[in-house]
Amino acid sequence: MGKRLMLGNEAAARGLYEAGCEFVSSYPGTPSTEITEFAAKYDDIYAEWAPNEKVAMEAAFGASYAGHRSFCGMKHVGLNVAADPLFTISYTGVNAGMVVCVADDPGMHSSQNEQDSRHYAIAAKLPMLEPSDSVESKEFAKLAFELSEQFDTAVMLKMCTRIAHCQGLVEEEDRVNVEPKEYKKTPQKYIMTPANAIKKHPIVEERLCKLREWAETSDINRVEEGSDNEYGFITGSTSYQYVKEVFGDKYPVLKIGMINPLPDNKIKDFASKVKTLVVVEELDGIIETHCNTLGLNPIGKDKFTKLGEFSQTVIAKAFNIEKEVPFHFQEEIPARPPAMCAGCPHRGLFYVLHKKNLKVHGDIGCYTLGAMPPLNALDSTVCMGASVSGLHGFNKIAPEYSNGTVAVIGDSTFMHSGVTGLINIAYNESNSTVIILDNSITGMTGHQQNPTTGINLKGEPAGKVCLEELCKSIGINRVVVVDPYNLEECEKAVAEELEADEPSVIISRRPCALLKNVKHPGPITCDTDKCVGCTACMKIGCPAISMVDGKCSIDATLCLGCGVCGQMCKFGALPLRKEIAND
Amino acid sequence: MTKNIMIVGVGGQGTLLASKILGRLFVTKDYDVKVSEVHGMSQRGGSVVTYVRYGDKVYSPIVDKGEADQVISFELLEGARWVEYLSKDGVLVTNTQQINPMPVITGAATYPSDIEMKLKDMGVNVDAFDALSLAEEAGSAKCVNIVLLGHLSNHYDFTEEEWHDAIKACVKERFIDMNIKAFELGRNA
Ligand SMILES: Cc1ncc(C[n+]2csc(CCOP(=O)(O)OP(=O)(O)O)c2C)c(N)n1
């Protein structure tokens, strides 16, 4: 079989396939999403989107317990959600091999924080492998299953944006056939009551010692000789690539492929052979801190920042190697931030929130873009689900705000962790209004199905959660559905529900404008004879609308004919939805 | 020696397909190749960049300031934004199409005038042309990426057939003819 370009994520999925993995359950999150999407393309793997990362990890654990190799993947913040099962699965160990992938996002290309997930491996006392390119993404995924079964432990695979979303050449190999492990009822291994768990803890510590011994001899942590031992680098992941890019084979490198547990003797031995020891790692100084406990005190975070991504230039600069940047455009270049797409159903609803000057507890998804000018219609965004739970606390303690405050949350995010917050609103009775932005897809991460869409990861018809029924059954009596393309309808519903003296839910329902199966009337045109250039249509922040020579102009390559701008125009220069579509 | 190409544009313009075709071409010529993409947030109309690197052995997945042998820009302002990444002898192949970013649309910022001329005055080797019209001529504005590749191909020694093969391997069967036409229009522009 030949070599082919593969994303790190595709290579990791190939690794799952070749390792005989049979079960995958994940929740999407950039930059981890494609591992699961690629895994789903193999008929030999059962793959699904779970409602959240905790459910995914527990499902993968169940599959391992049943005797089949299993996997779950998530982004770094997803591991916070799944941390509860993670820490105790460390105690139970596994039956068939189980691999947990976490993908960090240094530089925060599409994340709300920059946490370093390597801390989790140390805290949960689990082995963690860290690939540095697509080849290793596949190799380490396979190795992770071997280690998992050999050491009776879940194994973590740590990706990051530049590994996950970089294509490199990978050779495909055959899938191995792994016989399912026998299921045996073993209460002392799997029932983590205090009496059993207290006996497991020493086993976990012992396991770490054995893994450390393995790490000492395995070539996953390898020394690459150099011609000059003035410096010696300990590094891994992307940082390894940047060090090699700058110095090639000049200085010796100890490349770390297993970040936990670290090989003490190998590190000490390496350090003894070089004049100055340098640790290069993105985000926190984890290898460095470990070196310090060994009394080595390398150069580390005193020279390399804890912030953002590295690059070859970051390494070069730290060693005073100047690089020429010959061209610099002198004028200020306007930023090009992402914006809600033309025709996005979130826009109309957000315009109403903006117009009514409401306090809006926001959440995570495409609708977070409602925070951008000219809508400026968000007051907070923390983590998935926080809009609903935060609104409850806000309204409970400051009821004087409740008539002017709402929460907004997407369909996928509501399924992920909004519903528990809504239960709290119903149970503890805050006078809160929650708006579910139901665009029938998980938009932000690139169109994944979720429990409200009625389709599964493999594209087949599946169970479908009915949002109205769900809200009613947990005790919300006022549930109303609106069309976000209809501003009047939205405004009326928002006013009524805020006015009402009990909890309520507004479901703003329109499928994402980018979904392939959604038909659009097509671009509208502005009647420039009627347009007076009042710029009212600009208030909705649609990328298809701009002012040309003092008149509204519609970009026909972007406009889908949603008709929201027509409702802004008092002069009839832009058509209304009913004039362009028959829905 | 490792060669560095950057493809820059606006989310939704099809930069990923262009990098896929380049990656494919270099692989068939037995080079080591890395292609870094952006997914997620910036795809919603934001400024996007992909890196393509090839050579005997490629380490870093990214191209840094002052390193790019070619910057292929799908939009004029993006060409100006990323010109810092161009090396001294590098060439900026750019579409002359202008797409207003949100701050320009809302009036918070202005789109700089005469970008092409200013870049040339800076001493940048600019190869600018109207790729959008050619894409439309080929059959769809979506072919802008292939028109640009066609134009870029003049800076390489690969044969026309090798480029065609790479395109055929990466686009859907029913779009092949349109894309080959787009490639030829770009190559002859
Ligand atoms: C704990 C956690 N998991 C995953 C993500 C990645 N992520 C960001 S937004 C989002 C879902 C957005 O879907 P939805 O709520 O339906 O809103 P839409 O983007 O469709 O408007 C996901 C999965 C995250 N930020 N946090």
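What follows is calculated from the coordinates using simple rules that are stated; it is not laboratory data. Just so it is clear, the model here is predicted, and its values are computed rather than measured. Quick reminder, even Gly has a Cβ in these numbers, built from the backbone with ideal geometry, and neighbours come from all protein chains shown.
Entry note, chain A: the mean residue ellipticity at 222 nm calculated from DSSP H runs of n ≥ 4, each adding -39500 (n - 2.57), is -9500 deg cm²/dmol after division by the residues and rounding to the nearest 500. When +1 charges are put on Lys and Arg Cβ atoms and -1 charges on Asp and Glu Cβ atoms, the dipole computed for region A:391-511 relative to its Cα centre reaches about 520 debye. Report, to one decimal in Å, the Kirkwood hydrodynamic radius for region A:328-432 based on all distinct Cα pairs. Result for region A:328-432 stands at 14.7 Å.
Per-residue mean of foreign Cβ neighbours for B:105-111 is 6 (Cβ atoms of other chains, 10 Å radius).
Farthest towards the positive end of the charge dipole of the protein assembly as shown, among the residues B:146, A:479, A:361, is the Cα of A:479, using unit charges on the Cβ of Lys, Arg, Asp and Glu.
Distance distribution P(r), region A:2-217, all Cα-Cα pairs, bin width 10 angstrom from 0: 9, 37, 38, 14, 2, 0 percent.
Taking Cα centre as origin and charging only the Cβ of basic (Lys, Arg, +1) and acidic (Asp, Glu, -1) residues, the dipole magnitude of chain A rounds to 460 debye.
Using the alpha-carbon centroid of each, what span in Å lies between region A:314-355 and region A:71-132? Region A:314-355 and region A:71-132 have Cα centres separated by 29 Å. With only the Cα atoms considered, region B:90-184 has a convex hull volume of 120 Å³ per residue.
Take each residue of peptide A:155-166, count the partner chain Cβ atoms within 10 Å of its Cβ, and average: the result is 3.
Remark on region A:32-144: hydrodynamic radius 14.6 angstrom, per the Kirkwood mean of 1/r across alpha carbon pairs. Ranking A:57, A:99, A:85 by Cα position along the charge dipole of region A:43-115, where only Lys, Arg, Asp and Glu carry charges on their C-beta atoms, puts A:85 farthest toward the positive end.
Got a sec? Charge dipole of chain A, +1 on Cβ for Lys and Arg, -1 for Asp and Glu; which of A:290, A:408, A:427 is way out at the positive end? Sorting the options by dipole projection puts first A:427. Take each peptide in A:367-376, A:109-118, count the other Cβ atoms within 10 Å of every residue, and average; sorted highest first, the result is A:367-376, A:109-118. Across all Cα pairs in region A:346-509, the calculated P(r) in 5 Å bins from zero up to the longest distance comes to 2, 10, 20, 24, 22, 14, 6, 2, 1, 0 percent per bin. For the pair region B:1-39 / region B:44-68, the C-alpha centres are spaced 8 Å from each other. Shielding of peptide B:49-62 by partners, expressed as the average count of other chain Cβ atoms within 10 Å per residue Cβ, is 5. FRET efficiency for the residue A:423 to residue A:172 pair, using the beta carbon distance and R₀ = 56 Å, is estimated at 0.75. In this Cβ point-charge picture (+1 for Lys and Arg, -1 for Asp and Glu), region A:25-105 has a dipole of about 180 debye about its Cα centre. Remark: C-alpha extents of region A:256-341 on the principal axes read 53, 35, 20 Å, sorted largest to smallest. Indicate the gyration tensor shape class of region A:519-583 (rounded, prolate or oblate), computed on the Cα atoms with a ≥ b ≥ c the square roots of the eigenvalues: a/c under 1.5 is rounded; otherwise a/b larger than b/c is prolate and the rest oblate. Here region A:519-583 falls in the prolate category. Fraction of C-alpha pairs exceeding 41 angstrom in the protein assembly as shown: 37 percent, rounded to a whole number. Each part gets one Cα centre, and for region A:40-64 versus region A:435-456 those centres are 18 Å apart. The ranking of A:273, A:255, A:184 by Cβ neighbour count inside 10 Å, starting from the fewest, reads A:184, A:273, A:255. Where both partners of a DSSP beta bridge lie in region B:1-120, what percent of those bridges are antiparallel, to the nearest 5? Among the beta bridges of region B:1-120, antiparallel pairing accounts for roughly 60 percent.
Kirkwood radius for region B:1-97, taken over all pairs of different Cα atoms as the inverse mean of 1/r, rounds to 13.3 Å. Proximity of backbone amide H atoms, modeled 1.01 Å from N, is registered between residue A:234 and A:254, A:278, A:279, A:280 at under 5 Å, excluding neighbours fewer than 5 places apart on the same chain.
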